[in-house]
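S.K.: I have a structure I would like to understand better, so I am pasting it below and will then ask my questions one at a time.
Taken together, the values in this text are just the output of simple stated rules run on the coordinates, not laboratory data. Quick caveat: nothing in here was measured; it's all calculated off a predicted structure. Neighbour counts are summed over all protein chains in view; Cβ atoms, including those assigned to glycine, are modelled from backbone coordinates with ideal geometry.
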Amino acid sequence: MIVLNGEQQEHGAGEAVVSLLELLGLPPDARGVAVAVDGEVVPRASWETFAIPEGAHVEVLTAMQGG
Amino acid sequence: MSDSPTQLQAKSLAQTGEQCNGRASSMPADTLAIAGRTLGSRLVLGTGGFPSLRLLAEAIRASGAELVTVALRRVDPAARGSLIGVLEQEGVELLPNTAGCYTARDAVLTAKLAREAFETDWVKLEVIGDEDTLLPDAPELLRAAEQLVDDGFVVLPYTTDDPVLARRLVDVGCAAVMPLGAPIGSGMGIRNPYNIALIREAVQVPVVLDAGVGTASDATQAMELGCDAVMVASAVSRAQDPVAMAAAMRAAVQAGRLARVAGRIPRRTYATASTPHEGLADFSSQPDSSPQ
């Protein structure tokens, strides 16, 4: 179990960041996207290799209109 | 006689205005430099509040802005259209903000994520202290600014109109300061113009008036007070005609800048005649032939 953008997900623990991007409909090289796992930035270069820990809180963020 | 630097600047500015009307200019444009980056426009546009990406794109073009802010939010799989794509197409530079952060920790993490997402180390640092006023939380803001500067960021903090805090932010290495005229989205204009003028005197980095602008004259006033640039978001995006208001803001910033460089006359309590008294005809000793 992990928490992805505030929602609990049965799957995802142990998988690489790119598989979570796919879950959100994003390509593995999604531009304008950043990922944090448990409050730490996961650099783009590690998206293929970084394995999501069990119970992790994952934030996948992108550009939104804002002042 | 050759022109003084001020005259040259005024000429250059006047021609920047002409460029607006499509006329060519051989003079260098009146540019704004922040942390070594040169911007041709002194208007910074926020992307928040536009009803559509199409209107945002048209407003960017009408405003002439070269620097626009974006926020960082969770990916919405149902979202339509790409904000990044539109901004790339318009050829503008991104200034990510940390809007919505209430602690230094959250703001620093958000800035680092923005750097990762947008490949820029510039950040408009917002650390909010109160959800009703959205006023900055000064101690958290200063703490976040210090950490981000140490981490190599170019930090432009959204701050109160407090000259002392502005100086403290510059002391820790901020590249500019962005004092508020009034609370975000309030459209109340510049509530304390004296403080904005004091901030201009207190720091050696660019001062970008941010928040509170409601209409064009507010942006002009900010420039007349000595601000180097003005940032607007709601004033344009929530105007009845955002594209027309974007054009108005562009002209307003140019007018205010021109007036600042030109140097206004001092305020006086009593009149000072603009027509000379010398040579005035004396009718007092002549017969009065007007009908009784």
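S.K.: Over the whole of A:25-37, what's the average partner chain Cβ count within 10 Å per residue? Rounded to a whole number, please.
M.R.: The per-residue average across the peptide is 4.
S.K.: Within 10 Å of each residue's Cβ, count the other Cβ atoms and sort A:Val3, B:Val164, B:Val230, B:Val86 from fewest upward.
M.R.: Starting with the residue having the fewest Cβ neighbours, the order is B:Val164, A:Val3, B:Val86, B:Val230.
S.K.: Taking neighbour counts of Cβ atoms within 10 Å as a proxy for exposure, in what order, fewest first, do A:Glu10, A:Glu59, A:Glu48, B:Glu146 appear?
M.R.: Fewest to most other Cβ atoms nearby, the residues stand as A:Glu10, A:Glu48, B:Glu146, A:Glu59.
S.K.: Still on this structure: Quick one: what are the phi-derived ³J(HN,Hα) couplings along segment B:128-133, Karplus 6.51/-1.76/1.60 with θ = phi - 60°, whole Hz, x for glycine and proline?
M.R.: Listing the rounded values in order: 8, x, 7, 6, 7, 9 Hz.
S.K.: Right, next: Please list B:123-136, B:264-277, B:31-44 highest first by mean number of surrounding beta-carbon atoms within 10 Å per residue.
M.R.: Answer by packing, highest mean first, reads B:123-136, B:31-44, B:264-277.
S.K.: Please provide three numbers in whole Å: the alpha-carbon extents of segment B:188-292 along the principal axes, with the largest listed first.
M.R.: 67, 37, 21
S.K.: Quick one: compute the contact order of chain B, relative version, from alpha carbon pairs under 8 angstrom and 6+ residues apart, as a percent.
M.R.: Relative contact order here is 17 percent.
S.K.: Now, a different point. Using 10 Å bins from zero, what percent of all Cα-Cα pairs in the protein assembly as shown falls into each bin?
M.R.: Reading the bins upward from 0: 5, 22, 28, 21, 11, 6, 3, 2, 1, 1, 0.
S.K.: Applying the Karplus parametrisation 6.51 cos²θ - 1.76 cosθ + 1.60 with θ = phi - 60° to the phi angles of segment B:240-255, what ³J(HN,Hα) value in whole Hz is obtained for each residue in order, glycine and proline being reported as x?
M.R.: In residue order, the calculated couplings are 4, 10, x, 5, 5, 5, 4, 5, 4, 5, 4, 5, 5, 5, 5, 5 Hz.
S.K.: Rounded to the nearest 5, what is the percent of antiparallel bridges among the DSSP beta bridges in the protein assembly as shown?
M.R.: Antiparallel: roughly 45 percent of the beta bridges in the protein assembly as shown.
S.K.: Quick one: which residues, 5+ away or cross-chain, put their amide H under 5 Å from the amide H of B:Thr69? H built at 1.01 Å from N.
M.R.: B:Leu45, B:Gly46, B:Thr47, B:Leu95
S.K.: Go ahead and estimate [θ] at 222 nm for the protein assembly as shown from helices alone: -39,500 (n - 2.57) per DSSP H run with n ≥ 4, summed, over the residue count, rounded to 500. Could you put the intermediate results ahead of the total?
M.R.: Numbers: 11 runs with 123 residues, N = 359.
That comes out to -10500 deg cm²/dmol.
S.K.: Roughly what angle does helix B:5-20 make with the longest principal axis of chain B, taking Cα atoms, 0 to 90 degrees, to the nearest 10?
M.R.: 70
S.K.: First select every other residue whose beta carbon is under 15 angstrom from the beta carbon of A:Ala16; then total the charges, Lys and Arg +1, Asp and Glu -1.
M.R.: -4
S.K.: Please report the antiparallel percentage of DSSP beta bridges with both residues in chain B, rounded to the nearest 5.
M.R.: On the way: 4 of 26 bridges.
Roughly 15 percent of the beta bridges in chain B run antiparallel, per DSSP.
S.K.: Okay, moving on. Any idea what angle helix B:53-63 forms with the longest principal axis of chain B, computed on alpha-carbon atoms, 0 to 90 degrees, nearest 10?
M.R.: Tilt of helix B:53-63: around 40 degrees.
S.K.: Using each residue's phi in segment B:187-197, evaluate 6.51 cos²θ - 1.76 cosθ + 1.60 at θ = phi - 60° and report the 3J(HN,Hα) Karplus result to the nearest Hz, with x for Gly and Pro.
M.R.: Result, rounded to whole Hz: x, 8, x, 8, 6, 9, x, 5, 5, 4, 5.
S.K.: How many angstrom lie between the C-alpha centres of segment A:34-67 and segment B:30-56?
M.R.: 28
S.K.: Report the dimensions of chain B along its three principal axes from the alpha-carbon atoms, largest first, rounded to Å.
M.R.: For chain B, the Cα spread along each principal axis is 90, 47, 40 Å.
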